[in-house]
Amino acid sequence: MGSRMKSEDSITIKEVADRAGVSVATAGRAMGNYGHISALTRQKVLKAAEELNYVPNKLAQGMRSHNTRTIGVVVPDIQNNFFGSILAAMEKRARSKGYALLICNTNENREIELECLDMLASKQVDGILLASIFSSKEEIPAKYIRTIFGNIPVVLYDRRISGLPLTSVMIDNFSTAYMVTKYLIGMGHIDIATIGSEQEGSVSNTVKEREAGYRAALREAGITNGGISIEVNWRKPEEMRRKINILLDYHKISAVIIFNNSLFAGFLNITNKRNIRFPENMSVVTWDDEDYDEFLNITAVRQPAAKMGELAVDNLIEQIEDKKLSTEDIEITLNAKLMKRNSCRVNK
């Protein structure tokens, strides 16, 4: 029976070393491009590796050089199309720079987020891209401040964590909500409500900033009694329906701003059952310009998701390759655009 050819994947560094006539340690330094080794010896090892079709273990090389060429991405809600668009841009950008992504979905759960951070650290990722459910440093267990944020490059996207010296890439939520509210006020609306998301009883800085921009526009217009804000959890549909129905039952509302696109489908279902039509019975603006928003002629805020993902990757890789952790709170602010359609009308 003839001898079977050895698969390329099973060739070991020892076999490369034997063929090149050097030690395993020397062969490892030549293949990993680290340590002191002569150019002639390196060439002998590389030639032997090529002849054997040796494929180096990139993860093992990374562990030796403290660089795995991997980036961890923590996503709060992978079902949300907005985050899907960001992820697609992140993956494309990272791949173009020679990095791969490890993606974790937290489902907006604090315990899962901490588990994700532990897992990514154990995988020795070079850096982490994070959209966190935590709003401030004080909410995060001290262990993670030390082992994660004090040890691994981290860049935030879409959301800030106050109190941590990290770079964040996001839109100006305050100014965008202010602009949307001014748009509705300009159409004669006074009784304007907002609906934002909450998870585990916590509201993200993103929603807080949008609510602050909305309130600022009302104050500037001298509207002191016309505004009302509620937060709902779309993962608890019964509770969400109850809160929105109470809002519609007990408050005179001419316009609604939906601060999270994950809430809009549920809101649409409720209003449809109540025979509320846009803009005939109520004006509405939602966040994140989905395909169905255009189809339904819904006025929406379009965030530059792809740009956000690209800039987050660029800033993280810069930290990784400079071997420096962020030492100050830097906010990279992007502009959103209001896509005006036919879901709003002048309030007479």
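A short reminder: the numbers here are calculations on the coordinates, not readings from a lab. Just so it is clear, the structure is predicted and the values come from calculations on it, not from any experiment. A quick note on method: Cβ atoms are made from the backbone with ideal geometry, for glycine too, and the neighbour counts reach across all protein chains shown.
Counting only residues at least eight positions apart within a chain, or on another chain, the aspartates and glutamates with an alpha carbon under 15 Å from that of residue 337 are 172, 288, 289, 290, 293, 294. Put in order of Cβ neighbour count within 10 Å, fewest first, the listed residues 214, 144, 250 become 250, 144, 214. Exposed loop sites were defined as GluC sites (Glu not before Pro) in DSSP loop states (anything but H, G, I, E or B) carrying at most 13 other C-beta atoms within 10 Å; in the chain the longest segment without such a site runs 1-199. Looking at the square roots a ≥ b ≥ c of the eigenvalues of the Cα gyration tensor of region 173-303, which shape do they give, rounded for a/c under 1.5, prolate if a/b is larger than b/c, or oblate? In terms of gyration-tensor shape, rounded.
Given R₀ = 41 Å, what would the calculated FRET efficiency be for residue 151 paired with residue 172, taking r from the Cβ atoms and rounding to 0.05? Walk me through the numbers before you get to the answer.
On the way: r = 31 Å, r/R0 = 0.74.
For R0 = 41 Å, the calculated efficiency reads 0.85.
Farthest towards the positive end of the charge dipole of the chain, among the residues 119, 246, 87, is the Cα of 87, using unit charges on the Cβ of Lys, Arg, Asp and Glu. So which aspartates and glutamates can residue 243 reach, going by Cα to Cα under 14 Å and dropping same-chain residues fewer than 8 places off? Within reach: 198, 231. For the residue pairs 252/340; 236/324; 92/273; 14/123; 137/182, alpha carbon separations beyond 31 Å are given by 236/324; 92/273; 137/182. Of the labelled figures [x] 38, 21, 18; [y] 52, 20, 17; [z] 41, 21, 18, only one reflects semi-axes √(5λ) of the Cα gyration tensor in Å as derived from the coordinates, namely [y].
With contributions of -39500 (n - 2.57) from each DSSP H run of at least four residues, the per-residue ellipticity at 222 nm computed over the chain stands at -13000 deg cm²/dmol.
Straightening the chain between residue 236 and residue 112 buys 42.8 nm, computed as 0.36 nm per residue apart minus the Cα-Cα spacing.
Given a Förster distance of 51 angstrom, what is the FRET efficiency for residue 331 paired with residue 41, based on the Cβ-Cβ distance and rounded to 0.05?
Working: r = 49 Å, r/R0 = 0.97.
After rounding to 0.05, the efficiency reads 0.55.
For the chain, a crude dipole built from +1 on the beta carbon of Lys and Arg and -1 on the beta carbon of Asp and Glu, taken about the Cα centre, is about 420 debye to the nearest 20.
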